[in-house]
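The next block holds one structure in the form of structure tokens; read it before the comments.
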Amino acid sequence: MNLPRFTYHSPDSLKKCIAILADQKNGAQVLAGGSDLLVRMKLRLETPGSLVSLADIPALQDIAYRPGKGLTMGAGITLSLLASDAIIQERCPALADAAVLVATNQIRTVATVGGNILQNTRCRYYNRSPVWGKAVAPCFKRNGAICHVVPKGKRCFAVYQGDLAPLLIALNTTVTIVSKKGTEEIPVESLYSGDGKVPFNNVAGTIATGFTIPEDSLNMRAAYRKYRLRGGIDFPLAGVAAALKPGNGLVEDLKLCLTGVASRPVTVPGAGEAAKGKPLSRELAREVGRLAYAAAHPLANLEGDPATRRSMIRIMTEDILTSFIS
Amino acid sequence: MKRGNVKNLEKEKCSGKIITLTVNGEERLVAVEDRDTLLDVLRNKLSLTGAKEGCGTGECGSCTVLLDGQPVLACLMLAVGVVGKKITTIEGISAGGKLSPLQTAFIDHGAVQCGFCSSGMILSSTALLSANAKPSRQDIRKALEGNICRCTGYNKIIEAIESVKDQK
């Protein structure tokens, strides 16, 4: 299967990279590991005129822990490294565990943290070859005017299926964005627009260079659970990340974030308030599980039954919180 | 440097560039376009057809090769992006025409049916065994999660890998 033609750039500094992105008029795209973008290009879902590789930019490859500031990770580190790095395993083992659940060994060798966070949304009516694409009328994401999943829908409902984003959001992580205008640090959750067609806010011409998990969050108990049909390869059909701050035998704070159930990672409203000041118990796990269930609205746009996926959100939430008891 | 493959390089119609790839310990000059994947180059320009194209979209693992000793999917790697890295294909692990212990074990255990996935399976498990000489059955299954065998010969494949592990 051939890729469409494009011009390849491999700048060795961020400055050059930003300049190339600003210069290109024929739709330059940033290329990290390529395991998401190159597949969509092969299916002719995207045909950028230029690809700007981040592989030769050393500034994106750091992992460091600074007391008081927290854990910083370059956006270019691979998921294999994320899973095996000693600093990550010591300071945020849940993140290393979540990285192992992504895709396959071969893909984790090249796929990056930044690429995983900024992966495109997916839908069974969008992620098709050109031939299979002809079987249905073009949907919103294919520049049409219809949604096959929600026939009366006014927008695209393609699903965000990243594994790392819910965990990073539960841990209050920030992302550093560099553009021609300068550098800014914003919460990871503000990257997402909620629209399946254009899932990210204002990313054109910008580079996500790194992620910072604040010191406070590193002291939280965190975990991620993933539901998929096969034990390997698959994207999450539903996923739950939880970060819990214990204090004097009671829950001081709790943040839950879901993936695979909407066009963006979904923070469960009311979870923190429901748990605050209560002892961690099976009853509390069930109560929070119900809140997570209420926040999840999966649609029939992926493999698997939406009702099962929604139930799995509740089951996995209860499972994580129950595991925290012991 | 082996130059046999670039005999007619000057005449070759190619809008791209000439790069040097280190494949199985040899430096090979090839003319590529930016859009050529590593798999395109290995199979079509270097005649190394051990890596197969199954799905072409990163799901089956039949194009697995080693990049600096780590398994990657050649169908999703740009050839221009792997300059300077050591590429090992299935042809490169049988030194001097002698099969590696893992290859021999695959034959001995009947772990080859149609054979389409075998090169990917062997390279993934070669990477596993070089990182972990005594992997558990679970480690083996995890290492092979990205390699699909449509003949469903997984048990024989895992037994073959375990037999090599036991020899170490």
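No lab work stands behind these numbers, since they all come straight from the coordinates. The model shown is predicted, which means the values in this text are computed figures rather than measured ones. Neighbour counts run over all protein chains shown; Cβ positions are idealised from the backbone, glycine included.
Values for this structure:
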quantity	calculated
Net length gained if the chain between B:L29 and B:N44 were fully extended (0.36 nm per residue, minus Cα distance)	4.1 nm
Whole-Hz ³J(HN,Hα) from phi, Karplus 6.51 cos²θ - 1.76 cosθ + 1.60, for the range A:311-325, glycine and proline x	4, 5, 4, 5, 5, 5, 5, 4, 5, 4, 5, 5, 5, 5, 4
Farthest positive-ward along the protein assembly as shown dipole, Cα basis, beta-carbon charges - from A:H297, A:G114, A:A98	A:H297
Cα-based reach from A:K42 at 18 Å (exclusive), listing aspartates and glutamates while leaving out same-chain residues under 8 positions away	B:E33, B:D34, B:D36, B:D40, B:E53, B:E59
Highest-MSF residue in chain A out of A:G210, A:G304, A:G239 [GNM, Cα springs under 10 Å]	A:G304
Trypsin sites (Lys or Arg not before Pro) restricted to the range A:70-162 and DSSP loop, no more than 13 other C-beta within 10 Å	A:K134, A:K152, A:K154
Taking B:V80, B:V65, A:V150, A:V188 and counting other C-beta atoms within 10 Å, the order from fewest to most	A:V150, B:V80, A:V188, B:V65
Positive-pole candidate from A:N143, A:T7, A:G33, dipole of the protein assembly as shown, charges at beta carbon	A:N143
For the range B:79-143 versus the range A:8-35, the gap between their alpha-carbon centres in whole angstrom	35
The range B:4-92 - Rg and Dmax from Cα coordinates, angstrom	12.2, 36
Most fluctuating residue given options A:R264, A:R282, A:R40, as computed from a GNM of chain A linking Cα atoms under 10 Å	A:R282
Cα centroid separation, the range A:95-119 to the range B:18-63 (Å)	23
20 Å-binned pair-distance histogram of the protein assembly as shown (Cα, whole percent)	22, 55, 22, 1
Summed residue charge, Cβ within 9 Å of A:N105's Cβ, Lys/Arg positive, Asp/Glu negative	+1
Residues A:C147, B:C63, sorted so that the one with the fewest Cβ neighbours within 10 Å comes first	A:C147, B:C63
Set B:K98/B:K142; B:K45/B:K85; A:K226/A:K276; A:K141/A:K255; B:K52/B:K134 screened for pairs whose C-alpha atoms are more than 21 Å apart	B:K98/B:K142; A:K226/A:K276; A:K141/A:K255; B:K52/B:K134
Residue (of B:S62, B:T89, B:V30) at the positive-pole extreme of the range B:4-92, dipole from beta-carbon charges	B:V30
Debye log10 I(q)/I(0) at q = 0.09, 0.15, 0.17, 0.19 Å⁻¹ for the range B:1-160, Cα point scatterers	-0.30, -0.78, -0.97, -1.16
Size of electric dipole in the protein assembly as shown: Cβ of Lys, Arg +1 and of Asp, Glu -1, about Cα centre, debye, nearest 20	1220
Å³ per residue enclosed by the Cα convex hull of the range A:1-52	70
The range A:211-326: mean projected area of Cα convex hull, nm²	7.7
Candidate aspartates and glutamates for bridging to A:K181, where Cα separation is under 18 Å - those fewer than 8 sequence places away on the same chain excluded	A:D23
Reachable lysines from A:K180, criterion Cα separation under 19 angstrom, eight or more residues apart if same chain	A:K15, A:K16, A:K25
Stretch gain in nm, segment A:N248-A:K154, where the contour uses 0.36 nm per residue and the Cα spacing is subtracted	29.0 nm
